């Protein structure tokens with residue numbers, strides 16, 4: 001149960017476990033963003049869920065083609081913003097009115113108006129930090145080791161390569177059938193990626 | 001994106017706006033774009049770069065020398081006197097912070113407005129922001145007199161049980177600028193992750209691969225990652241937009257919240273923000289005109305990009321000029337004699353030379369950009385951008401010095417003259433700026449490669465549907481196995 005949940009969460013980050021034969025998945029290369037887009041649509045329609053596409057730039061509409069919903073990063077941004085706002089309010093009130101009160105021309109020790117700039121700045125600071133941190137966590141980054149790096153061709157992915165990988169731990173995955181299916185989708189090159197532990 | 005009309009004309013389907021000139025000229029493929037930008041970080045260090053770096057770092061060491069001299073002797077080595085207790089340090093601080101604003105405007109505000117032309121220039125502009133803010137942060141750090149207690153500026157728990165005064169605009173400034181720096185740095189780095197991965201995958205040297213690998217954090221261009229990444233980028237842009245407007249507003253509070261005639265005006269926040277964007281764009285033009293030529297990336301940073309920046313310079317320059325005139329009007333209209341005197345003194349007093357330098361550089365010179373021919377001329381825009389840089393420095397000088405040097409009490413009036421240490425410290429910050437900028441140009445991708453690829457027409461997946469060379473579903477299923 002817990003193991004399944006962990007596997008599901010990791011899959012959402014694009015991290016998949018290898019199967020018993022150390023197969024990580026099948027990596028298929030496509031010619032251009034259009035071909036990759038249609039292939040992703042078909043792979044999803046065929047019933048595969050644990051697969052990912054890789055491209056040098058985000059492809060418009062790919063989330064929908066892959067059947068992925070909206071990113072949840074925004075909730076963390078909101079949370080970070082509220083935290084920053086609360087921190088700034090507390091900090092200014094506690095230091096100014098409680099532990100270190102200084103009378104300046106009889107002005108109130110704490111008031112909302114002069115506190116607004118710092119409330120604003122800390123809201124932004126923590127919202128931004130939560131956004132970046134949340135994005136990295138949700139993506140499972142930093143991830144120094146990735147079995148896909150074993151593939152020579154995969155180096156093109158940050159230049160002009162368009163790839164689709166079906167994970168070996170997908171329910172529908174079958175070394176032969178998935179491969180044939182991807183070939184039919186028009187992949188220009190296909191290889192099996194092994195996840196070799198302690199190489 | 002895929003409407004019936006764009007599907008029929010696939011060659012224009014990537015562009016969102018109607019324009020005769022493409023954003024990336026020269027008909028480049030994805031690989032060409034990667035190659036063009038990346039090879040500058042991979043080739044052997046050019047002699048010209050080494051020479052430029054030697055000059056820049058020498059000037060930077062001048063800054064370090066001046067700071068050391070200052071620390072040893074105290075702020076008496078500066079030209080500050082009794083009424084003018086804020087001199088070059090604050091002028092330079094505001095100048096450098098202002099420069100930074102264009103970077104955030106390009107990266108955040110233009111992103112929210114879906115201005116795709118920003119992709120060619122945003123990386124350089126953001127780098128400029130970071131380095132300019134570093135230069136700015138030097139001054140509040142060193143101008144406090146007793147530098148060993150500079151940490152009092154931050155709310156750090158200490159054995160004295162002492163806390164900063166949160167009702168002071170100067171403290172707001174500490175927060176505004178440091179938050180601005182931190183968020184800009186995050187924004188810049190996040191934007192660079194995919195390109196660092198590109199450099200990692202291209203590198204043949206082991207060490208380079210390791211360094212870039214660590215910086216890229218294992219980026220693979222996975223769509224599951226792009227999904228969160230794009231959302232995060234959008235949110236960062238949305239956060240940075242009010243932030244950039246707030247930073248110079250808060251900087252202007254340093255002046256506006258005081259009761260000094262010439263400072264105590266409500267127009268300051270918007271006027272400072274417009275001025276900041278104005279000066280920042282001028283600096284971006286200055287830097288890009290040179291670097292696009294040196295690095296041969298005229299196809300990515302085209303004359304059209306420069307022209308658009310010049311239009312923004314014209315717009316913000318006119319806003320700033322309008323603010324100068326409004327200030328004058330309000331001073332007269334207020335009926336306050338101190339306020340009126342401050343402005344008459346600004347324009348016709350002992351600092352009239354600085355005032356009219358500011359007026360001509362900021363209000364008059366950019367008006368030349370009304371002419372299309374002039375705003376598309378590299379030489380003209382370079383010269384004008386230099387004028388704007390000078391004019392905007394003088395604006396801060398005029399605001400700070402002319403308002404202070406004649407206060408309410410005529411017996412304490414004085415004339416402020418900077419010392420050699422003042423001038424050399426300021427010159428030194430240019431060394432600091434260009435040292436960082438040259439390192440950036442040498443080791444990091446100066447154009448957002450993945451973003452530029454993303455705005456080319458062939459990046460649109462529907463570009464291939466009807467053009468015949470694509471692999472639309474029906475097409476591949478018919479032809480069968482071809483691998």
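Does region A:31-40 contain any residue that is closer than 21 Å to residue A:180 by Cα, in contact (Cβ under 8 Å) with a residue 60 or more places away in the chain, touching a strand residue (DSSP E or B) at 6+ places or on another chain (Cβ under 6 Å) and more than 9 Å from chain B (Cβ to nearest Cβ)?
No, region A:31-40 contains no residue that is closer than 21 Å to residue A:180 by Cα, in contact (Cβ under 8 Å) with a residue 60 or more places away in the chain, touching a strand residue (DSSP E or B) at 6+ places or on another chain (Cβ under 6 Å) and more than 9 Å from chain B (Cβ to nearest Cβ).
Residues being surrounded by fewer than 24 Cβ atoms within 10 Å (Cβ to Cβ), more than 7 Å from every other protein chain (Cβ to nearest Cβ) and either at positive phi or in a helix (DSSP H, G or I) (or both): count how many of those fall in region B:243-258.
6
Check whether at least one residue in region B:207-217 is at pLDDT 90 or above, at the interface with chain A (Cβ under 7 Å from one of its Cβ atoms), surrounded by fewer than 24 Cβ atoms within 10 Å (Cβ to Cβ) and under 21 Å from residue B:139 (Cβ atoms), and report yes or no.
no
Anything in region A:41-56 that is surrounded by fewer than 24 Cβ atoms within 10 Å (Cβ to Cβ) and either more than 11 Å from every other protein chain (Cβ to nearest Cβ) or modelled with pLDDT of 90 or more (or both)? List them, or say none. Step through it out loud before you land on a result.
Applying the first criterion (surrounded by fewer than 24 Cβ atoms within 10 Å (Cβ to Cβ)) to region A:41-56 yields A:41-42, A:44-50.
Selection gives A:44, A:46, A:47, A:48, A:49.
One line per residue, one yes/no per condition, for (1) surrounded by fewer than 17 Cβ atoms within 10 Å (Cβ to Cβ); (2) more than 23 Å from the chain's Cα centre (by Cα):
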position: B:403; (1), (2): no, yes
position: B:423; (1), (2): yes, no
position: B:426; (1), (2): no, no
position: B:436; (1), (2): no, no
position: B:441; (1), (2): no, no
position: B:448; (1), (2): no, no
position: B:458; (1), (2): no, yes
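Here is a check on your reading of the model: is residue A:131 touching a helix residue (DSSP H, G or I) at 6+ places or on another chain (Cβ under 6 Å), in a helix (DSSP H, G or I) and surrounded by 15 or more Cβ atoms within 10 Å (Cβ to Cβ)?
Working: touching a helix residue (DSSP H, G or I) at 6+ places or on another chain (Cβ under 6 Å): yes; in a helix (DSSP H, G or I): yes; surrounded by 15 or more Cβ atoms within 10 Å (Cβ to Cβ): yes.
Considered against the rule, which asks whether it is touching a helix residue (DSSP H, G or I) at 6+ places or on another chain (Cβ under 6 Å), in a helix (DSSP H, G or I) and surrounded by 15 or more Cβ atoms within 10 Å (Cβ to Cβ), residue A:131 comes out as yes.
From the set of residues in region A:60-74 that are touching a residue at least 12 places away in the same chain (Cβ under 8 Å) and surrounded by fewer than 20 Cβ atoms within 10 Å (Cβ to Cβ), which is nearest to the other protein chains (Cβ to nearest Cβ)? Show your work before the answer.
Just the residues of region A:60-74 that are touching a residue at least 12 places away in the same chain (Cβ under 8 Å), to begin with: A:61-62, A:65-67, A:71-73.
Next cut, surrounded by fewer than 20 Cβ atoms within 10 Å (Cβ to Cβ) only: A:61, A:67, A:72.
Working: A:61: 6, A:67: 11, A:72: 8 Å.
Restricting to residues being touching a residue at least 12 places away in the same chain (Cβ under 8 Å) and surrounded by fewer than 20 Cβ atoms within 10 Å (Cβ to Cβ), the top hit is A:61.
Among the candidates A:110, A:173, which residue alone is surrounded by fewer than 22 Cβ atoms within 10 Å (Cβ to Cβ), out of contact with any helix residue (DSSP H, G or I) (no Cβ under 8 Å at 6 or more places or on another chain) and either in a loop (DSSP other than H, G, I, E, B) or within 8 Å of another protein chain (Cβ to nearest Cβ) (or both)? Full working, then the answer.
Numbers: A:110 fails: out of contact with any helix residue (DSSP H, G or I) (no Cβ under 8 Å at 6 or more places or on another chain).
Matching residue, one of A:110, A:173: A:173.
Would you mind finding the one in B:169, B:194, B:164 that is modelled with pLDDT of 90 or more, in contact with a helix residue (DSSP H, G or I) (Cβ under 9 Å, 6 or more places away or on another chain) and closer than 29 Å to residue A:134 by Cβ?
Numbers: B:169 fails: closer than 29 Å to residue A:134 by Cβ; B:164 fails: closer than 29 Å to residue A:134 by Cβ.
On inspection, the qualifying residue turns out to be B:194.
Would you point out which residue out of A:157, A:166 is facing chain B (nearest Cβ under 9 Å), in contact with a helix residue (DSSP H, G or I) (Cβ under 8 Å, 6 or more places away or on another chain), modelled with pLDDT under 95 and not in a loop (DSSP other than H, G, I, E, B)?
Working: A:166 fails: facing chain B (nearest Cβ under 9 Å).
When all the criteria are applied, what remains is A:157.
The values are calculated or read from the model by the stated rules, or taken from the named source; none is laboratory data. Note that this is a predicted model, so its numbers are computed, not measured. Positions of Cβ are backbone-derived with ideal geometry, glycine not excepted, and every protein chain shown enters the neighbour counts.
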